[in-house]
Amino acid sequence: MSEPVSETRTPNVSFERERGVYATQVTRDVAHAVVSVGDDALRSSRILQLFRILAEANIPIFLIKMHRSAVTFAMAGADVARAEAALASAGLKAKTRHDLAIVAVRASSMRDLSGIMVAIADALYSVGARLYGTGDSHNSVQCLIDGERVQAAIQALCQKFHLEGQAAEEASLKTEGAA
Amino acid sequence: MKILVQKFGGTSVDRHEHRILAARKVIKAKEAGFQPVVVVSAIGRSGAPYATDTLIKFLKDIDPQVPPAARELDMMMACGEIISTAVFAHTLQTLGYKAIALSGGQAGIITDREFGNARIQEIRPQYILRLLEQGYIPVVCGFQGITEPSDEYEHGAITTLGRGGSDTTGSALGVALHAVAVEIYTDVDGVKTADPDLVKNARTIPVCTYEEVAEIAHQGAKVVHPRAAEIAMDHNIPLWVKSTFSDSPGTRIAGEDAPEAVRRRLTGITHTGKIVYIRLEIENAEHKSQVENEVYRMMAQAGVNIYLVTFSPTALSFAVPRNLYPVARDLLDGMVVPVGHEKPDAEGKIATYYIFKFSEGLDLAYRVQRPLLKTVEKHIHVVDVPASVIENCTMVSVIASDHRRVPGVMATIYETLTNAEIAIHQIADSEMSISCLVPEGDVERAVRLLHERLFEQ
């Protein structure tokens, strides 16, 4: 049997991602919409109508959240006018907000970590970046904020998560064909 | 040297007949000209005599009031893989092959000191490489490593890697050994479009990307642990998911730039989690963000992870894992968040105290706290924050690459579920998936219906 070799060492390889937040990402030119759907028996059919209308108008939506009497969602800024027109033609009232951006923080196994939300909220609050919506997945928390606050928000988040000197990745929302 | 890492899960090594089937996969690779390096999990799943859960219970049963120290718990848990490795190496020896069992430390796997959830920092593969040169089949314990050996401190404490640790060992060894591929053997023949126990028409996906498989795994499918997928992705090591019990080709997991990788729009349907959804009504929009922050802070301090966070002008909603719901409820019930006013308001009041109320105020903490605040109401507003709770939820997810660029995905999902009268309590989406929070009792129906609509029509 061979003797164990212990003298020679391979150079360090970083096998695993760091615990906690490891990157930030920005998606610019995003809009946010609040569409009233009521809280009566027709709420569900109005929500379905809303989704169908936007699908037929070839408008992808995301950060979708359901509230008691409204549905909120985000979309590419370029789609706002078409979305407003499509919804209005179906009698759905929408309030939209333009010039927003999604700032996302990325971490491995986000949902196993506690304290991420308070850290993000603290960082954004410290630079006056109001949160219009959030989304979270296993590896990211996405925050919809005013586009003009992006730089300050990224700076604050990088400071909070010790990512100083690291540039945020840029993402885009180019639309493709319907599903 | 064409090194092939082959990892076998608990059900692949739980019985002699299964170990023989697993050993045949190793021998087949060896005879095809590869140098196999085997990684094994502990024998069997929960309840089996040497399964990890059984070993933990053995230690905890000594005195249920005294939790075992993390270091000793790791040492105990590591025994499962050590037994499995010795048994598997001996199985190969009985079949006429030179095999040697190695603990994580003997295989050169160095981790940080986070017992129970250690991260691999370094792998020193020289010993394995020498064994391969000498014709051995190294059989390495999954799920474990050791801390950096030190003459001053400790000559390598045994650590375990946490959930999915054996898959992680497989991927990391693949990187360290510059393997041609890592094969993860399990009891299904690849990554499926849905849980085959729920959907009989679930298909095996021949090729998918690292991102897709990481998303599928995170959203509940137990084919390969996301940590292993991330390591393979970051180091571009080809990963396969195969069945020990069949000769099906399995699923190849590759980077987006691999020629055979298909950037599909819809990958699969998954389900995961026992979840409780909490909604807090916060009337004063001006103070809402401060109150929310305190909720986040309190949850963080208690180690309660929250997700599916939803804002509206007058409410904050979020989900917590069901096992942590009692903690969350105990924390929030009767909790008071004071918000000072910059100057006395029209009524001359200098602050607003928000007090959280569950069960219409019948819970103990609120009942005790609320009357105490009566004394300050002359100077301070006291506002109830009623909480409504939806228990027994689970998440059903559609894994859909790039759905944010494709209109209509949400409409299809919503229509499918609501037509079947399945309530959708909330929605969450990421770049790779759309998840719906549905009643736990409807989860099987939801998975079947979505699979039928999205994959069978």
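Any idea which of B:7, B:25 is among the basic types (Lys, Arg) and touching a Leu at 6+ places or on another chain (Cβ under 9 Å)? Reasoning before the result, please.
Working: B:25 fails: touching a Leu at 6+ places or on another chain (Cβ under 9 Å).
The conditions single out B:7.
Output yes when any residue across the range A:96-108 is more than 19 Å from the chain's Cα centre (by Cα), touching a residue at least 12 places away in the same chain (Cβ under 8 Å), buried (at least 18 other Cβ atoms within 10 Å of the Cβ) and more than 7 Å from every other protein chain (Cβ to nearest Cβ), and no when none is.
No: the range A:96-108 contains no residue that is more than 19 Å from the chain's Cα centre (by Cα), touching a residue at least 12 places away in the same chain (Cβ under 8 Å), buried (at least 18 other Cβ atoms within 10 Å of the Cβ) and more than 7 Å from every other protein chain (Cβ to nearest Cβ).
Of (1) without any contact (Cβ under 8 Å) to a residue 60 or more places away in the chain; (2) surrounded by fewer than 18 Cβ atoms within 10 Å (Cβ to Cβ), residue B:334 satisfies all except one. Which?
Status for residue B:334: all satisfied but (2).
Does residue B:194 satisfy the criteria of being away from chain A (no Cβ under 14 Å), in contact with a Leu (Cβ under 7 Å, 6 or more places away or on another chain) and among the small types (Gly, Ala, Ser)?
Numbers: away from chain A (no Cβ under 14 Å): yes; in contact with a Leu (Cβ under 7 Å, 6 or more places away or on another chain): no; among the small types (Gly, Ala, Ser): yes.
It is false that residue B:194 is away from chain A (no Cβ under 14 Å), in contact with a Leu (Cβ under 7 Å, 6 or more places away or on another chain) and among the small types (Gly, Ala, Ser).
Got a number for residues in the range B:281-327 being more than 9 Å from every other protein chain (Cβ to nearest Cβ), more than 18 Å from residue A:110 (Cβ to Cβ) and among the hydrophobic types (A, V, I, L, M, F, W, C)?
Of the residues in that region, 5 qualify.
Looking at the range A:121-131, can you tell me whether even one residue there is assigned to a loop (DSSP other than H, G, I, E, B), at pLDDT below 90 and not polar (S, T, N, Q)? Don't jump to the end; show me each part of the working.
Taking the range A:121-131 and keeping what is assigned to a loop (DSSP other than H, G, I, E, B), we get A:127-131.
Of the ones still in play, those that are also at pLDDT below 90 are A:130-131.
In the following step, the residues that additionally are not polar (S, T, N, Q) were identified as A:130-131.
Looking through the range A:121-131, at least one residue is assigned to a loop (DSSP other than H, G, I, E, B), at pLDDT below 90 and not polar (S, T, N, Q).
Being part of a helix (DSSP H, G or I), of a type outside the set (S, T, N, Q), in contact (Cβ under 8 Å) with a residue 40 or more places away in the chain and over 15 Å from residue B:138 (Cβ atoms) is the filter here, so list the residues in the range B:23-54 that pass it.
Answer for the range B:23-54, where residues must be part of a helix (DSSP H, G or I), of a type outside the set (S, T, N, Q), in contact (Cβ under 8 Å) with a residue 40 or more places away in the chain and over 15 Å from residue B:138 (Cβ atoms): just B:25.
Check the range B:449-457 and report whether any residue there is of a type in the set (S, T, N, Q), more than 20 Å from residue A:63 (Cβ to Cβ), modelled with pLDDT of 95 or more and surrounded by fewer than 24 Cβ atoms within 10 Å (Cβ to Cβ). Please lay out each step first, then the result.
Filtering the range B:449-457 down to residues of a type in the set (S, T, N, Q) leaves B:457.
With more than 20 Å from residue A:63 (Cβ to Cβ) added as a condition, the list becomes B:457.
Going one step further and asking which of them are modelled with pLDDT of 95 or more, we end up with none.
Within the range B:449-457, none of the residues are of a type in the set (S, T, N, Q), more than 20 Å from residue A:63 (Cβ to Cβ), modelled with pLDDT of 95 or more and surrounded by fewer than 24 Cβ atoms within 10 Å (Cβ to Cβ).
Could you give every pair whose Cβ atoms fall below 7 Å, whose first residue belongs to the range B:98-124 and is facing chain A (nearest Cβ under 10 Å) and among the polar types (S, T, N, Q), and whose second residue is in a loop (DSSP other than H, G, I, E, B) and surrounded by fewer than 24 Cβ atoms within 10 Å (Cβ to Cβ), counting only separations of at least 6 or pairs across chains?
Close Cβ pairs satisfying both conditions: B:111/B:119; B:117/B:162; B:121/B:112.
Residue by residue through the range B:283-338, note down the ones that are part of a helix (DSSP H, G or I) and among the polar types (S, T, N, Q). Even if it seems obvious, please write down each step before you answer.
Pass one, the range B:283-338, residues part of a helix (DSSP H, G or I): B:285-301, B:322-332.
If the condition is that a residue be part of a helix (DSSP H, G or I) and among the polar types (S, T, N, Q), then B:289, B:290, B:293, B:301, B:323 are the ones that fit.
Does residue B:171 satisfy the condition of being within 25 Å of residue B:118 (Cβ to Cβ), more than 14 Å from chain A (Cβ to nearest Cβ) and at pLDDT 90 or above?
Working: within 25 Å of residue B:118 (Cβ to Cβ): yes; more than 14 Å from chain A (Cβ to nearest Cβ): no; at pLDDT 90 or above: yes.
So residue B:171 does not fit the description; no.
Inside the range A:41-77, can you point out the residues that are over 25 Å from residue B:282 (Cβ atoms) and of a type in the set (A, V, I, L, M)?
A:41, A:42, A:48, A:50, A:53, A:54, A:55, A:57, A:59, A:61, A:75, A:76
Working only within the range B:137-154, note down all residues that are in contact with a strand residue (DSSP E or B) (Cβ under 6 Å, 6 or more places away or on another chain), farther than 26 Å from residue B:50 by Cα and either surrounded by 15 or more Cβ atoms within 10 Å (Cβ to Cβ) or away from chain A (no Cβ under 11 Å) (or both).
Listed by number, the list holds a single entry, B:148.
Which one of the conditions (1) in a strand (DSSP E or B); (2) away from chain B (no Cβ under 11 Å); (3) of a type outside the set (Val, Ile, Thr) does residue A:152 fail to meet, given that it meets all the rest?
Condition not satisfied by residue A:152: (1).
With B:254, B:315, B:285, B:258 as the choices, which residue is in contact with a Lys or Arg (Cβ under 7 Å, 6 or more places away or on another chain), modelled with pLDDT under 90 and not β-branched (Val, Ile, Thr)? Give the derivation first.
Details: B:254 fails: in contact with a Lys or Arg (Cβ under 7 Å, 6 or more places away or on another chain); B:285 fails: in contact with a Lys or Arg (Cβ under 7 Å, 6 or more places away or on another chain); B:258 fails: in contact with a Lys or Arg (Cβ under 7 Å, 6 or more places away or on another chain).
Sole residue among the options that is in contact with a Lys or Arg (Cβ under 7 Å, 6 or more places away or on another chain), modelled with pLDDT under 90 and not β-branched (Val, Ile, Thr): B:315.
Return the total of residues in the range A:155-179 being in a loop (DSSP other than H, G, I, E, B) and either more than 13 Å from chain B (Cβ to nearest Cβ) or modelled with pLDDT of 75 or more (or both). Break it down into steps so the answer makes sense when it comes.
So in the range A:155-179, the residues in a loop (DSSP other than H, G, I, E, B) come out as A:161-168, A:172-179.
Now restrict to residues that are either more than 13 Å from chain B (Cβ to nearest Cβ) or modelled with pLDDT of 75 or more (or both): A:161-168.
Number of matching residues: 8.
For the range B:418-446, which positions are of a type in the set (D, E, K, R), more than 14 Å from residue B:398 (Cβ to Cβ) and either without any contact (Cβ under 8 Å) to a residue 24 or more places away in the chain or facing chain A (nearest Cβ under 8 Å) (or both)?
B:421, B:442
Out of everything in the range B:355-387 that is out of contact with any Lys or Arg (no Cβ under 7 Å at 6 or more places or on another chain) and in contact (Cβ under 8 Å) with a residue 40 or more places away in the chain, what residue ends up being surrounded by the fewest Cβ atoms within 10 Å (Cβ to Cβ)?
Going through the qualifying residues, I end up with B:383.
Mind listing whichever residues of the range B:287-310 are free of Cβ contacts under 8 Å to residues at least 40 places away in the same chain and more than 26 Å from the chain's Cα centre (by Cα)?
B:288, B:289, B:292, B:293, listed by residue number.
The values are calculated or read from the model by the stated rules, or taken from the named source; none is laboratory data. All values reported here derive from a predicted model rather than from experimental measurement. Every residue, glycine among them, receives a Cβ derived from its backbone with ideal geometry; neighbour counts consider all protein chains shown.
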